[in-house]
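Every number here is computed from the coordinates shown, using simple stated rules; none is lab data. A quick note: this is a predicted structure, and the numbers were derived from the prediction, not measured. Backbone-built Cβ (ideal geometry, glycine too); neighbour counts: all protein chains shown.
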Amino acid sequence: MTQPQQNQPTDMLTQIFTMQEELNNKTFEKNGIADERGILTIGAIQREVEGQKFGPNNLPCLWLRNYLTAMEKECEELRAELPWKFWSKDKINMQNIRVEIIDQLHFLISLAQVAGLSASELHRLYMAKHQVNNQRQDAGYSQATKTEEDNKAVV
């Protein structure tokens, strides 16, 4: 990965996306994970997204499923760090909790990349959805008032 030049602000989200793509590609190569063209890359998955190859056996579905499963397992590991017995004298291990959250972030970024999202597109969609969520709170959001109409603007 190229390092940012001195005295230039670093786009942290773009840096994370770049590093995650490099890690995923390295993992594919190291483990011999291949597609019909040879060693799999995030770019190959994204090309299928661009080509709208969305069937259950195409790379986007396969890797969304794989990364979602991995993220679910990381959520389970985080949950295991949290004592559930309210009478317990156990203390949480915040260092382990933080590591589990970062593990989840790795898989969340991978999911975003497989879905064809760049750092800037993720940011744009987050901002749009954040606005919807604020509007829902301002309007007294509840199951009774919930519709998905407002989400249609998040594109």
Legend entry - Distance in nm between pseudo-label sites at residue 94 and residue 73 (7 Å out along the Cβ direction from Cα): 2.9
Inset, instruction - Describe numerically, in nm with one decimal, the distance between label points set 7 Å from Cα along Cα→Cβ at residue 33 and at residue 152. - result: 3.7
Inset, instruction - Can you tell me the relative contact order of the stretch 12-117? Whole percent, Cα pairs under 8 Å, sequence separation 6 or more. - result: 32
Inset, instruction - Could I have the simple spin-label model distance between residue 130 and residue 145, label points 7 Å from Cα toward Cβ, reported in nm to one decimal? - result: 2.2
Inset, instruction - Give the shape of the stretch 20-141 as rounded, prolate or oblate, defined through the alpha-carbon gyration tensor: a ≥ b ≥ c are the square roots of its eigenvalues, a/c under 1.5 means rounded, and otherwise the shape is prolate if a/b is larger than b/c and oblate if not. - result: oblate
Legend entry - Dipole in debye (nearest 20) - the chain, about Cα centre, beta carbon charges: Lys, Arg +1; Asp, Glu -1: 280
Inset, instruction - May I ask you to list the aspartates and glutamates whose Cα is less than 19 Å away from that of residue 89, ignoring any residue fewer than eight positions away on the same chain? - result: 81
